[in-house]
Amino acid sequence: MAAKRKERRRLRAEQKRMKTELHAVRRDLEQSYMRFNELRDPMQLDACIYEINALRAKYFCAVHELRALPQARE
């Protein structure tokens with residue numbers, strides 16, 4: 001029984017960590033989109049596009065990893 005509780009606790013902690021990371025990436029992505037909308041310099045726009053693409057890839061990886069985790073049951 002203690003092993004099951006320990007595993008559930010570990011899963012909940014992992015889910016919380018991943019959700020925190022997901023929210024942080026989402027916030028960074030929103031900031032990058034706002035910055036993109038304000039820029040006028042073509043070089044800076046290109047850099048911002050690369051940053052947005054990298055953050056989107058990171059976001060989708062985090063979502064995929066979170067969905068792959070088994071659900072911790074109460």
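Pairing the Cα long axis of helix 42-68 with the longest principal axis of the chain, what angle in degrees results, from 0 to 90 and rounded to the nearest 10?
10
Between Asp28 and Ala47, what length in nm is gained on full extension when 0.36 nm per residue of separation is reduced by their alpha carbon distance?
Once the chain is fully extended between Asp28 and Ala47, it gains 5.4 nm.
In whole percent, and with a 1.4 Å probe on the protein chains, what portion of the accessible area of the chain is carbon and sulfur?
56
Which distance in Å, rounded to a whole number, links the C-alpha centroids of segment 3-31 and segment 33-74?
Spelled out, the Cα-based centre of one part sits 17 Å from the other.
Once the Cα atoms of helix 2-38 and of the chain are each reduced to a long axis, what angle between those two axes, in degrees from 0 to 90 to the nearest 10, is obtained?
10
Which entry in [x] 16, 14, 12; [y] 21, 15, 11; [z] 37, 10, 7 matches semi-axes √(5λ) of the Cα gyration tensor in Å derived from the coordinates of this structure?
Answer label, from the structure shown: [z].
How charged is the neighbourhood of Leu55? Take every other residue with its Cβ under 11 Å from the Cβ of Leu55, and add Lys/Arg as +1 and Asp/Glu as -1.
+1
The values are calculated or read from the model by the stated rules, or taken from the named source; none is laboratory data. Computed from a prediction, not measured in an experiment: that's the story for all the values here. Please note: Cβ atoms are built from the backbone with ideal geometry, for glycine as well, and neighbour counts cover all protein chains shown. The accessibility values were calculated without ligands, DNA or RNA, using every heavy atom of the protein model including side chains. Shrake-Rupley method; radii C 1.70, N 1.55, O 1.52, S 1.80 Å.
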